[in-house]
Amino acid sequence: MTEFAVNTIACVGWGSLVWNPRDLPCNGGWHNDGPLLPVEFARESGAKKNQRGDKITLVICPNSTRVRTYWVMLDVPDLIVARKCLAAREGIPKNWETDIGFADCVSGQTHGLEADTISAWAGANGLTGVVWTNLPCKFNGQHLMPSEVEVIAFLRALDGTKRVDAERYVRNTPRQIETAYRSAIEQSLGWFNCG
């Protein structure tokens, strides 16, 4: 087992967390050499009871193409605090123990989608731990991966501030997060990366 002198805890990200970490206690900037993960625009976010959401966000989808993600060091004393801080940033007050993934490279404990991949990456990079958003695919109130056609139709039907916010999310997503749905959104809606 690797010996660790201090806690070196990172957060892996691929969506709005990278360009808008808000109050996440980042220690330095984001690095673009995170683990290869299968992420896709496959979560209808912002849905209220009996209403549709306001955007489609990126989540880990096991059968999607892997893309290189981002990571940042966190200024936290331990993994529990790291998980709680990420949950607060993501607006996950209730189910944070399920919806925030983690890998403890000291104890070997892990939780979440792609935990083995992320844990191996963290260990190879000398980290004592890592956290990530572990929200599932979701569309039309069900934990299902939407099709490319459904995502484009959903985004096309948005109007007003919902459309502006959804477009901003897609355009601000880092260029290296090149997914199949992103390419289709760009071609269908013209929402190309602004960076």
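A compact table of results
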item	result
Residue within the range 165-175 that is farther than 21 Å from Asn63 by Cα, more than 15 Å from the chain's Cα centre (by Cα), touching a residue at least 40 places away in the same chain (Cβ under 8 Å) and surrounded by 14 or more Cβ atoms within 10 Å (Cβ to Cβ) present	yes
Qualifying residue in the range 150-163 (condition: in contact (Cβ under 8 Å) with a residue 40 or more places away in the chain, among the charged types (D, E, K, R), over 20 Å from Val39 (Cα atoms) and surrounded by 15 or more Cβ atoms within 10 Å (Cβ to Cβ))	yes
Unique residue being farther than 22 Å from Trp30 by Cβ, modelled with pLDDT of 95 or more and either hydroxyl-bearing (Ser, Thr, Tyr) or crowded, with 18+ Cβ neighbours inside 10 Å (or both) when the list is Thr179, Thr110, Thr117	Thr110
Residue within the range 53-73 that is farther than 24 Å from Val170 by Cα, crowded, with 19+ Cβ neighbours inside 10 Å and either touching an Asp or Glu at 6+ places or on another chain (Cβ under 7 Å) or modelled with pLDDT of 95 or more (or both) present	no
Within the range 74-88, considering residues that are in contact (Cβ under 8 Å) with a residue 60 or more places away in the chain and farther than 21 Å from Thr57 by Cα, the one surrounded by the fewest Cβ atoms within 10 Å (Cβ to Cβ)	Pro77
Leu36 of a type in the set (A, V, I, L, M), surrounded by fewer than 19 Cβ atoms within 10 Å (Cβ to Cβ) and within 21 Å of Ile177 (Cβ to Cβ)	yes
Filter result for Trp96 (at pLDDT 95 or above and either exposed (fewer than 13 other Cβ atoms within 10 Å of the Cβ) or not β-branched (Val, Ile, Thr) (or both))	no
Test: Ala47 is among the small types (Gly, Ala, Ser) and either at pLDDT 95 or above or part of a strand (DSSP E or B) (or both)	no
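Table: residues versus (1) in contact (Cβ under 8 Å) with a residue 60 or more places away in the chain; (2) out of contact with any Ser or Thr (no Cβ under 8 Å at 6 or more places or on another chain).
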site	(1), (2)
Gly29	no, yes
Asn63	yes, yes
Arg66	no, yes
Glu90	yes, no
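The values are calculated or read from the model by the stated rules, or taken from the named source; none is laboratory data. Quick caveat: nothing in here was measured; it's all calculated off a predicted structure. Note that each Cβ is placed from the backbone with ideal geometry, even for glycine, and that neighbours are counted across all protein chains shown.
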